[in-house]
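Chemist: One structure, as structure tokens, below. Some questions next.
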Amino acid sequence: MGKINPKLSKSRQKKIISLVLKYWKKLLLAALCMIMVAGANGAMALLVKPVMDDIFIKQNKDMLLLIPGIAILVFFLKGVGSYGSEYLMNYIGEKIIRFFRDSLYEKIMDLPISFIHKEKTGALMSRITNDVNIVKGMVSTAAINLFRDFFSVIAFLFVIFYRDWQLALGAFVVLPLAFYPIVLFGRRVRKFSTGTQETMADLNSFLHETFTGSKIIKIFNLQAFEKNRFKKKTQTLFRLEMKKVIAKALSSPIMEFLGGLGIAFIIWFGGLRVIHGTSTPGTFFSFLTAVMMLYDPVKKLSKLNNTIQEGVASATRIFDVLEETSVITEVQNPEILEGKSFDIEFDHVGFSYNDNETPALTDINLKVAPGEVLALVGMSGGGKTSLVNLVPRLYDVTKGRVLIAGKNLKDFSIKSLRDHISIVTQEPILFNESVKENIRYGKMDASDLEIENAAKAAYAYEFIQGFPKGFDTIIGELGSRLSGGEKQRLCIARALIKDAPILILDE
Ligand SMILES: Nc1ncnc2c1ncn2[C@@H]1O[C@H](COP(=O)(O)OP(=O)(O)OP(=O)(O)O)[C@@H](O)[C@H]1O
Ligand SMILES: [Mg+2]
């Protein structure tokens, strides 16, 4: 997790805003709902005065019926407004989540594998699962809090000044004192939260690694070593959690105490005014209610900044992926590769994975004629895999060129090029589908008979028959039952069924 970057470039801001504004009708309706909630909040504080003055002091029987009626209406309107705003804002938020998820997936699918290697699979997954949620938090939760709480603060301030502006002026010298610690403690809690999140992520990858590598740990007798490492991590987590607990647990007593000072002042000054007859008990209690109700929206507004900062950090990570440009591009108006046989030629090919690294391949020259089988033999790390990856343009050459049918590989459309190549990778890669579907991946419209024939050609038919459900067995159900060689054969069957003119077998 990198440092939080609180800035989002203008164009990215515009993009998010235009995404939200697409739902302007719903936004408008949501704002109306929020105003309704805020109005109802203010009305509740206002109602305290007639309750006190008219019902309790003047003992007015008409008011005894009228005020509860109004209270029911106010609560009803607040409920409707609250549901409406919550529903509408979350609707918009979930729409935006979905938009980002789909765009990220589409983008990542189209980016070259060098990008996925560079970014690490886990990190990319968390863009799609986590970061999008945090952005939603920013656009919908924060927006709800911003508007609803802002309107509520306005409503309460209105009540406070409307009831007794002199008392209000006095209170406003004292109250900010009570509200300031909310901001202060919020910051501390957040700092420790980030710490615990990072430690938790670290713990997760540690668990993953040691559980999957348990065979090695046992063979090398390192259980005690790993147990110790784990205990150190849980100890760090414990310390951070306790710091968070202290900051959290201290914040409300301190806030309440300071708030108590403010309330004490209001009681003293307000009481004085009631005794002198410049104010009524109803006015006083209505005022006090509004002040106390002000606490909640102010607290939420003070947290808003955090939500926005987190959202911006996540949005930055999302946009970084979305705006990534592919290094493997097609020429304008690419040619379509056609035919059943062509030769492949490497012409002074050089290739390195990173600019400043020693090249994996230097000055390779070779030619494979149609129908010819070329076997590359070399030591481990010699560059065989790197070389074959250049043919379907999984990577692009950094020097020289690869020719296919006498023309530069790059002149053809990537799709038509790959349509003519079949590959069995060094590491067998299978998906969690049935055996049949895995083979069909090589030719989506293959019939069951074609699949069986491909399995026979790859010498996989026999052992597939031995699976609980034969060709319909799901790979995952087999667990680790598949041997390395069996996996490899399924991959070969998948490559054969494609029946492509160029067949690459890596190992
Ligand atoms: N994704 C990568 N990023 C950076 N360097 C890489 C990457 N993959 C391979 N290399 C490096 O490129 C060199 C050639 O690797 P390559 O996988 O092509 O060898 P190989 O001949 O296939 O070896 P083996 O026989 O073990 O499969 C090695 O030095 C390796 O460390
Ligand atoms: Mg290899």
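The values are calculated or read from the model by the stated rules, or taken from the named source; none is laboratory data. Everything numeric here is computed off the predicted structure, so don't read it as measured data. All Cβ positions, glycine included, derive from the backbone under ideal geometry; neighbour counts span all protein chains shown. For the accessible areas, the whole protein counts, side chains as well, though only heavy atoms, and no ligand, DNA or RNA atoms are used. Shrake-Rupley method; radii C 1.70, N 1.55, O 1.52, S 1.80 Å.
Chemist: Run the numbers for L169 and L77: contour at 0.36 nm per residue of separation, minus the present Cα-Cα distance, in nm.
Modeler: 30.0 nm
Chemist: Working out 0.36 nm times the residue gap between L29 and I70, then minus their Cα-Cα distance, what length gain in nm do you get to one decimal?
Modeler: Extra length available between L29 and I70 comes to 12.4 nm.
Chemist: Sort out for me the Cα centre separation of segment 354-393 from segment 209-257, rounded to whole Å.
Modeler: Between the Cα centre of segment 354-393 and that of segment 209-257, the gap is 46 Å.
Chemist: With the radius of gyration and the Kirkwood radius both derived from the Cα set of segment 422-507, what is their ratio Rg to Rh?
Modeler: 0.93
Chemist: Would you please give the FRET efficiency between E198 and S252, computed as 1/(1 + (r/R0)^6) with r the Cβ-Cβ distance and R0 = 30 Å, to the nearest 0.05?
Modeler: So the FRET efficiency works out to roughly 0.70.
Chemist: Using only DSSP helix segments of four residues or longer, with each worth -39500 (n - 2.57), what per-residue ellipticity at 222 nm results for the chain after dividing by its residue count and rounding to 500?
Modeler: Mean residue ellipticity at 222 nm (helix-derived): -21500 deg cm²/dmol.
Chemist: If you line up the long axis of helix 281-322 against the longest principal axis of the chain, both from Cα atoms, how many degrees apart are they, to the nearest 10?
Modeler: 10 degrees
Chemist: Which angle from 0 to 90°, rounded to the nearest 10, does the C-alpha axis of helix 484-497 make with the longest principal axis of the chain?
Modeler: 80 degrees
Chemist: With a 1.4 Å probe and all protein chains left in place, how much of the accessible area of the chain comes from carbon and sulfur atoms, in whole percent?
Modeler: 61 percent
Chemist: PRE reach from T358 (point 7 Å along Cα→Cβ): which of segment 376-418 fall under 18 Å by backbone N?
Modeler: Taking a point 7 Å out along Cα→Cβ of T358, the residues of segment 376-418 whose backbone N falls under 18 Å are 378-387.
Chemist: Using a 7 Å offset from the Cα along the Cα-to-Cβ direction at both S326 and K218, what is the distance between the two label points in nm, to one decimal?
Modeler: Going from the S326 label point to the K218 one covers 4.5 nm.
Chemist: Calculated FRET efficiency, N453 and S413, Cβ-Cβ r, R0 30 Å, to nearest 0.05?
Modeler: 0.50
Chemist: Further question on the same structure: Roughly how many nanometres apart are two label points built 7 Å out from the Cα toward the Cβ at K340 and T234?
Modeler: Distance between label points: 6.6 nm.
Chemist: I would also like to ask the following. Rounded to the nearest 0.05, what FRET efficiency do Q59 and F265 give with R0 = 35 Å and r taken as the Cβ-Cβ distance? Could you check?
Modeler: Between Q59 and F265 the formula returns 0.65.
Chemist: Taking 0.36 nm per residue of separation and subtracting the Cα-Cα distance, what length does fully extending R401 through E209 add?
Modeler: 65.1 nm
Chemist: On to the next question. How long, wide and thick is the chain, going by the Cα atoms along their three principal axes, in whole angstroms, largest first?
Modeler: 109, 57, 51
Chemist: Using only Cα atoms, find the angle between the long axis of helix 61-110 and the longest principal axis of the chain, and express it within 0 to 90 degrees, rounded to the nearest 10.
Modeler: 20 degrees
Chemist: Report, to two decimal places, the Cα Rg of segment 329-419 normalised by 2.2 N^0.38 Å (N = number of residues).
Modeler: 1.09
Chemist: Which lysines, on any chain, are close to K410 with Cα under 24 Å apart, when same-chain ones fewer than 8 places away are left out?
Modeler: Straight-line reach from K410, under 24 Å: K107, K118, K340, K367, K384, K399, K498.
Chemist: Continuing with the same structure: What aspartates and glutamates could a cross-link reach from K231, if we take a straight Cα to Cα line under 16 Å and drop same-chain neighbours fewer than 8 places away?
Modeler: Cross-link targets: D202, E209, E241.
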